[in-house]
Amino acid sequence: MSFETKLVTLLSDADKVDEASATVFYYGWFKPGSSNPASAIAKIARRSQTSTVWSYEWADGNQNYDNVWNDRASLTYSHL
């Protein structure tokens, strides 16, 4: 499976998606059996565009289920 196919599959499996603007999207996955957006139980990715380049970054630079979905806009993001 190509990287692009894996990425599309991962993003389409997100529990929550927020189109914050035309150039910033947030994707959230909750721990299995959990869905409270105010608890630190989510892993969150941000997709952002600068000019013609899209970047994919993760809250805290990891895929741990330790972020609060409701805080997604104020979290620190970096590449894996």
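The values are calculated or read from the model by the stated rules, or taken from the named source; none is laboratory data. Only a predicted model underlies this, so the values are computations on that prediction, with no experimental measurement involved. Positions of Cβ are generated from backbone atoms using ideal geometry, with glycine treated the same way; all protein chains shown enter the neighbour counts.
Figures for the structure shown
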quantity	calculated
In the range 1-31, the residues that are among the charged types (D, E, K, R) and either touching a residue at least 24 places away in the same chain (Cβ under 8 Å) or assigned to a loop (DSSP other than H, G, I, E, B) (or both)	Asp13, Asp15, Lys16, Asp18, Lys31
Residue within the range 58-78 that is closer than 14 Å to Asp15 by Cα and exposed (fewer than 14 other Cβ atoms within 10 Å of the Cβ) present	yes
Pick from the range 41-57, criterion out of contact with any Lys or Arg (no Cβ under 8 Å at 6 or more places or on another chain) and of a type in the set (A, V, I, L, M), ranking: nearest to Asp15 (Cα to Cα)	Ala45
Test: residue in the range 32-46 that is of a type in the set (S, T, N, Q) and not in a loop (DSSP other than H, G, I, E, B)	no
Test: Thr23 is over 14 Å from Arg72 (Cβ atoms) and either surrounded by 13 or more Cβ atoms within 10 Å (Cβ to Cβ) or at pLDDT 95 or above (or both)	yes
Positions within the range 47-80 being among the hydroxyl-bearing types (Ser, Thr, Tyr) and either outside any loop (DSSP other than H, G, I, E, B) or closer than 23 Å to Glu4 by Cα (or both), in sequence order	Ser48, Thr50, Ser51, Thr52, Ser55, Tyr56, Ser74, Tyr77, Ser78
